[in-house]
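Okay, so here's the structure we're looking at.
Just so it is clear, none of the values below were taken in a lab; they were calculated from the coordinates. Predicted model only: the values in this text are computed from it and were never measured. All Cβ positions, glycine included, derive from the backbone under ideal geometry; neighbour counts span all protein chains shown.
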Amino acid sequence: MTRKHFQQVAEIIRKRAEQDSQEFGNQSHGLLAEITDDFVRIFQQVNPRFDVAKFYEACGMDAEGTWVI
């Protein structure tokens, strides 16, 4: 996978998180957080230099993986 693929996945996650926030008014995103973590594990296996903090931020989380949107 390339950086472009990682960015596309992050965009999808961010859009879903924004939609959930608008629709449900909460920021827990429980299942979405689990799916995001699953992607992180896969991406780290594919690319040992994968930047988790940068990916989280692109998804709408802080560098530790807590939702900010």
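If you add up the charges near ARG14, with Lys and Arg at +1 and Asp and Glu at -1, over every other residue whose beta carbon is less than 12 angstrom from its beta carbon, what do you get?
-2
Less than 13 Å from a label point 7 Å out along the Cα-to-Cβ axis of ARG41: which backbone N atoms in the range 2-19 qualify, by residue?
none
For the chain, what is one quarter of the convex hull surface built on the Cα atoms, given in nm²?
Hull-based average projected area comes out at 4.0 nm².
So, R0 is 25 Å and r is the distance between the beta-carbons of ARG3 and GLU23; what FRET efficiency does that work out to, to 0.05?
0.25
Once every DSSP H run of n ≥ 4 in the chain is given -39500 (n - 2.57) and the sum is divided by its residues, what mean residue ellipticity at 222 nm do you get, rounded to the nearest 500 deg cm²/dmol?
For the chain, the value works out to -22500 deg cm²/dmol.
Along the charge dipole of the chain, pointing to its positive end and built from +1/-1 on Cβ of Lys, Arg, Asp and Glu, which listed residue (ILE13, GLN45, ILE69) has its Cα farthest out?
Among ILE13, GLN45, ILE69, the one farthest towards the positive end of the dipole of the chain is GLN45.
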